[in-house]
Amino acid sequence: MTAQPIVQFSQASFAYNGHTALEDLTLDLHEGEFVGVIGPNGSGKTTLLKALLGLMHPVSGALQIFDCACQALRCEHRARIGYLPQKEKTDPNYPITIWEVAMMGRYGSLGLIKRPSKADREIVLDALDSVDMADLKDHPFGHLSGGEQQRVLIARALAQRPEILLLDEPTTGIDATTQRRLVELICKVHQAYRLTIVLVTHDINMISSIAETILLLKTKLYAKGPPAEILTKDVLSPVYGEEVIIAKRDQKPYIILSDEHHHA
Amino acid sequence: MLELLSYGFMQRAFIASLLIGLVCSTIGVFAVLRGITFIGAGTAHAAFAGVTLAFLTGLPPFLMAVISGLSMVWVTTYVQEKGKMKPDVPIGVFYTFTMALAIFFIGLMQGYRPEVFAYLFGSILSVTQSDLIVILVLSLAILLVLALFFKEFHFISFDQEMAEASGIPAKKLSFLLLNLIALAVVIALKAVGAILVFALLVIPAAAAQQWAHNMRSMMIYSALIGVGASWTGVLLSYWFDVPSGATIVLLASAVFLFSVLFPGKRQGLRRF
C-alpha cells in the first residue's frame with residue numbers, strides 16, 4: 001500500500017440546503033483499500049459517495065481527490081471513478097441493450113462527439129466478460145432481473161477502467177442467492193483490478209465479511225477500523241441505539257438490528 | 001400523383017413535412033425517454049404567444065416564435081432551479097400564462113385575423129418559400145447537433161446522475177436538449193399548429209418504443225412513423241380538402257394505437 005492517500009478528507013463538512021449531512025470528516029483512502037460504509041438512514045452515507053464523485057463540495061474543510069481539490073474535479077478525473085448508483089430496476093420497455101449500457105462506461109473518457117473505437121469495444125467486452133454477461137450482450141437490458149442489471153451496471157463501471165469504484169447499496173432488493181453471487185463478484189473485481197472500493201450498505205453482516213475497513217457514520221465519522229473492532233456492542237450501540245444484538249454464527253459475530261433501522 | 005409535385009405549394013408541403021416529421025420524431029425519442037415531453041407543449045403555446053405579438057406589432061412571426069419558445073425553456077429552467085420544484089410545475093404555469101397572453105393579444109387585434117389561426121391549427125399547404133428556407137436551415141442545425149451529441153443524449157436519457165458522475169457535462173447537455181426541443185416545436189408551428197405539434201413530438205417516439213429494443217431502432221422507427229404520417233397527411237389533406245395538421249396527428253395516433261395493441265417486442269422481433 002502506498003503512503004500517499006488517493007482521497008483525503010480534511011475536517012470536511014457537507015450540507016444539503018443548509019442542513020448538515022456530514023460534519024468534520026477527516027479520512028484518508030489508500031489505493032487498493034476495500035472500505036465498507038455503514039450507518040443508519042440519513043447518516044450521510046450517500047453524501048459521502050456524492051462528495052467522492054465531486055458532485056457535492058465541502059462547505060468547510062477540504063476534500064482532495066487524486067491530486068486535485070474536489071471543486072476542481074474535471075471530467076477526466078470523474079472518468080477515473082466508477083459508480084454503481086442505487087437504482088430502481090430499469091423499465092422493461094426502455095430500448096437499450098446490455099452492450100449499450102456497458103459502452104456508456106467509455107463515454108466519459110471518450111469525450112464529447114467522439115465515437116467508440118475498436119479498443120473501447122474490446123474494453124467493454126472484457127468488462128462484460130468479467131461479470132459473465134458477454135453472451136447476452138445484445139439482449140434488452142430492461143428484460144434482466146434486478147441482480148443481472150446490477151452485474152451489467154458493474155460492468156459499465158469497470159469499462160470506465162476506474163481506479164476507485166463506488167457502490168451504493170448494491171445488494172438491496174435482490175434475493176439471497178443473487179446477493180451472494182454479487183458479493184463474490186465485487187470481491188473478484190477488487191482483487192483482479194486492484195481497485196479501491198467504497199461500498200455503502202445497511203447490511204452490516206455482509207460488509208463485515210468482505211471489507212478490510214469499516215466506516216461507521218452518523219452525520220460524523222463515529223468509528224473506523226477493521227470489522228472485528230467495529231462489530232461490538234460498545235461501538236454500534238451509540239449509533240444504532242440499544243436494539244443492537246450481537247449473536248454468534250460460525251464463530252463470527254452476527255449483528256441483529258431492530259427493523260426500524262434495518263430497512264432503507 | 002406526379003402532377004401534384006408540379007405545384008409549388010405541394011413541393012414545399014412535402015419538403016416541409018419531411019423535415020418537420022424527421023426532426024420532431026427523432027428529438028421526440030429523447031423527450032419521451034427522459035419524460036420531458038411536456039416542455040414541448042409549453043414551448044408550443046409560448047411560441048404561439050410570440051406569433052400573436054408579432055402580428056399585433058408587425059414584427060416577423062418566425063423570429064418572435066423562436067424568441068418566445070426559447071424563453072420558455074430558459075425561464076422554466078431558472079424557476080425550477082430557483083424554486084427547487086419539479087419541471088412540470090413551472091412548465092404548467094408558463095404554459096397557461098403564455099396562452100393567456102396569446103388570447104389577450106388576439107383580443108387587442110383589429111378585426112378577424114385568419115393568419116393567426118393558421119399558427120394555432122396548422123396549415124402545411126400554406127408554407128411559403130421563405131418559411132421553407134428557415135425550416136430547412138433550423139432542421140439541419142438540429143439534426144447536426146443531435147448527431148454530434150447522440151451518445152451523450154442517449155446517456156443522460158438513460159440516467160442523468162450516472163452520466164454526470166462519469167464525467168459527462170450532463171446539466172449543460174440537458175439544457176441544450178430542451179432548447180433543441182423548443183426549436184423543433186417552433187419550426188413545426190405553422191405547418192402543424194400550436195395545439196397539435198406536441199403530438200408530433202410524442203406519438204411517433206411512443207409508438208416506436210413498442211417495437212424497438214435499442215436506441216438506433218427506436219430512432220429509425222420513430223422517424224419512419226413521423227415522416228410517413230406527415231406525408232400521408234399532406235396527401236389526404238390535398239385530396240379530400242381536410243385540415244393537414246389534424247390529419248397528420250390522427251394518422252400518427254392510429255399507428256400508436258396499433259403499436260400498443262400489437263407490440264413488436266413481445267412477438268420475438270428482437271434482432272433490430
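Calculated on the alpha-carbon coordinates, the convex hull of region B:1-42 measures out at 72 cubic angstrom per residue.
Residues considered: A:Asp250, A:Asp67, A:Asp24. Largest GNM mean-square fluctuation over chain A, using C-alpha springs under 10 Å, is found at A:Asp250.
Note that region A:155-172 has calculated 3J(HN,Hα) couplings of 4, 4, 5, 5, 5, 6, 6, x, 9, 10, 10, 9, 10, 9, 6, x, 9, 5 Hz, one per residue in order, obtained from phi through the Karplus relation 6.51 cos²θ - 1.76 cosθ + 1.60 (θ = phi - 60°); glycine and proline are x.
GNM on chain B, alpha-carbon springs under 10 angstrom: the most fluctuating residue among B:Leu200, B:Leu125, B:Leu176 is B:Leu176. Bridges between two residues of chain A, per DSSP, are antiparallel at a rate of about 60%. Here's how it looks for A:Ala223: its modeled amide H is under 5 Å from those of A:Leu216, which are all 5 or more places away or on a different chain.
Near B:Lys171, within a Cβ-to-Cβ distance under 10 Å, what is the net charge of the other residues, with Lys and Arg +1 and Asp and Glu -1? Charge balance near B:Lys171 sits at -1. Summing charges over neighbours of A:Asp67, with a neighbour being any other residue whose Cβ is under 15 Å away from its Cβ, gives -1 when K and R count +1 and D and E count -1. Counted over chain A with a bin width of 5 Å, the fraction of Cα pairs per bin, in whole percents, is 1, 6, 12, 17, 18, 16, 14, 9, 5, 1, 0, 0.
Each Lys or Arg adds one and each Asp or Glu subtracts one; over the other residues with Cβ under 12 Å from the Cβ of A:Ile186, this totals +3.
Placing one equal scatterer on every Cα of region B:42-186 and applying the Debye formula, the log10 ratio I(q)/I(0) at q = 0.12, 0.13, 0.14 Å⁻¹ is -0.58, -0.67, -0.75. Distance between Cα centroids, region A:131-181 to region B:1-66: provide it in whole Å. If we compute the Cα centre of each part, the gap is 42 Å. Extension gain for the segment A:Gln71 to A:Thr26, taken as residue separation times 0.36 nm less the Cα-Cα distance, is 14.5 nm to one decimal. The ellipsoid that matches the Cα gyration tensor of region B:3-267 has semi-axes, each √(5λ) in whole angstrom, of 28, 25, 16, with the longest given first. Assuming a viscosity of 1.306 mPa s and a temperature of 10 °C, what translational diffusion coefficient in µm² per second does Stokes-Einstein assign to region A:101-200, Rh being the Kirkwood radius over Cα pairs? Calculated translational D: 114 µm²/s.
Once backbone amide H atoms are built at 1.01 Å from N, A:Phe34 has A:Ile197, A:Glu212, A:Thr213 as its partners under 5 Å, excluding neighbours fewer than 5 places away on the same chain. Placing unit charges on the Cβ atoms of the charged side chains and taking the dipole of chain B about its Cα centre, the candidate lying farthest along the positive direction among B:Gly42, B:Ala165, B:Ala194 is B:Ala165.
When only alpha carbons are used to place a centre, region B:88-145 and region A:61-85 end up 45 Å from one another. Only Cα pairs under 8 Å and 6+ residues apart enter the sum, and on that basis the relative contact order of chain B stands at 31 percent.
Distance from the alpha carbon centroid of region B:166-183 to that of region B:187-211 works out to 20 angstrom. Distant-in-sequence amide contacts of A:Tyr83, defined by a placed amide H-H separation under 5 Å and a gap of 5 or more residues or a different chain, comprise A:Leu166. Summed over qualifying helices (DSSP H, 4 residues or more, each -39500 (n - 2.57)) and divided by its residue number, chain B shows a 222 nm mean residue ellipticity of -26500 deg cm²/dmol. Karplus-based coupling profile of region B:102-117, in residue order and whole Hz: 4, 5, 4, 5, 4, x, 7, 6, 7, x, 8, 10, x, 5, 5, 6, with θ = phi - 60° in 6.51 cos²θ - 1.76 cosθ + 1.60 and x standing for Gly or Pro.
Average projection, convex hull of the Cα set of region A:35-188: 10.4 square nanometres. Sorting the Cα pairs of the protein assembly as shown by distance into bins of 10 Å, from 0 upward, gives 4, 17, 23, 21, 16, 11, 6, 2, 0, 0 percent per bin. Karplus-based coupling profile of region B:238-244, in residue order and whole Hz: 6, 5, 9, 6, 10, x, 5, with θ = phi - 60° in 6.51 cos²θ - 1.76 cosθ + 1.60 and x standing for Gly or Pro. The mean number of partner chain beta-carbon atoms within 10 angstrom of a residue's beta-carbon across peptide A:79-92 is 2.
Just want the ordering: B:Met85, A:Met56, from fewest to most Cβ atoms lying within 10 Å of their own Cβ.
B:Met85, A:Met56
Read-outs throughout are calculated quantities, based only on the coordinates presented, and are distinct from any laboratory measurement. The model shown is predicted, which means the values in this text are computed figures rather than measured ones. Here the Cβ is made from the backbone with ideal geometry for all residues, glycine too, and neighbour counts use every protein chain on show.
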